[in-house]
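Report on the following structure.
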Amino acid sequence: MAEGPKRIVSMNLCTDQMALMLAGPDRMVSVSFLGADPAESPLADMAEGIPVNHGLAEEIIAAKPDLVLAGRYTTSFAKAMLRRLGYKVVEVDSPDTIAGIHETFTQVGEAVGQPERAAALLADMDRRLEAVAAEARDRPRRSAIIYDANGFTVGRPGLADDVMTLSGLINKAPELGIDAYGQVPLESMLAVKPEIIVHLLYRTGVPSIASMSMQHPALRVMLNGKAPVSVPGRLFTCGTPLIAEAAESMAKALQQSGAW
């Protein structure tokens with residue numbers, strides 16, 4: 001079997017994470033600027049010292065890659081130009097369900113010459129997710145909703161919805177007409193009476209007007225003075241085996257909150 005490409009460029013936050021997990025930082029010659037941001041990527045420490053790109057064809061060409069990983073929504077112009085110039089560009093979808101992670105991660109594993117490592121990481125993901133699900137099966141189910149700055153919430157399909165289900169939660173967002181994601185007024189969210197509110201933490205310590213809704217007195221009343229259940233939002237952005245860490249984080253936060 002070939003060793004795989006030695007100079008890999010990633011133009012997308014999610015392909016950054018997949019490539020780092022599968023090929024390691026030594027074979028990465030450029031990652032997206034988001035992939036090097038600790039607030040956006042849980043693997044930003046692995047990307048430290050790797051040159052970043054902003055999705056421009058000129059940046060990619062300068063890195064002299066033998067493989068370019070791009071997302072479906074990565075700049076079409078840049079992808080088309082790179083292909084015309086003879087670069088190998090692999091377009092990777094971003095799965096919005098746990099079930100979809102297997103196909104996508106396997107695809108990237110093949111592209112970077114690490115199919116066995118991809119299979120091993122997926123098997124570990126499945127094992128850890130099953131452990132979370134098994135623990136949740138012994139508890140009563142609770143209704144919950146993700147509610148963040150500007151009334152952002154997550155419906156179905158969605159990685160967060162899958163993790164909520166595994167953790168023994170019933171997502172109330174679909175009752176409000178939310179599909180993958182959307183916004184709901186505070187009053188509408190309160191009307192469905194979730195027992196638990198989940199807050200996806202993002203750039204903690206950076207205050208904003210948008211996030212002030214999380215301090216609304218009505219939330220404190222509904223939760224009987226308890227704080228929302230908080231988990232790192234960056235773990236839910238991309239469909240990778242890191243979703244197992246997201247599920248474990250959710251389960252731990254629920255346990256610590258006294259939800260059961």
_For segment 27-102, which trypsin sites (Lys or Arg not before Pro) pass both filters: DSSP loop (anything but H, G, I, E, B) and at most 14 other C-beta atoms within 10 Å?_
R72, K88
*Sort the chain into rounded, prolate or oblate with this rule: let a ≥ b ≥ c be the square roots of the eigenvalues of the Cα gyration tensor; rounded if a/c is under 1.5, and if a/c is not under 1.5, prolate when a/b is larger than b/c, oblate otherwise.*
prolate
*Whether segment 8-94 is rounded, prolate or oblate, judged on the alpha carbon gyration tensor where a/c under 1.5 counts as rounded*: prolate
*What is the distance, in nm, between label points placed 7 Å from the Cα along the Cα-to-Cβ direction at R83 and at E175?*
4.5 nm
*Dipole magnitude of the chain about its Cα centre, charges +1 at Lys/Arg Cβ and -1 at Asp/Glu Cβ only, in debye to the nearest 20?*
340 debye
*Euclidean distance between Cα centres, segment 114-139 to segment 22-95, Å*: 27 Å
*Near A247, within a Cβ-to-Cβ distance under 9 Å, what is the net charge of the other residues, with Lys and Arg +1 and Asp and Glu -1?*
-2
*What is the sum of charges around D96, taking Lys and Arg as +1, Asp and Glu as -1, for the other residues whose C-beta is under 11 Å from the C-beta of D96?*
-3
*Loop-located GluC sites (Glu not before Pro) in segment 1-93, at most 14 other Cβ atoms within 10 Å (DSSP)*: E3, E48
_For a test of understanding, tell me how many lysine pairs in the chain have Cα atoms under 30 Å apart, given they are 8 or more places apart or on different chains._
12
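Computed from the coordinates by the stated procedures, all read-outs in this text should not be read as laboratory data. If you're wondering where the values come from, they're calculated on a predicted model, not measured in any experiment. Neighbour counts run over all protein chains shown; Cβ positions are idealised from the backbone, glycine included.
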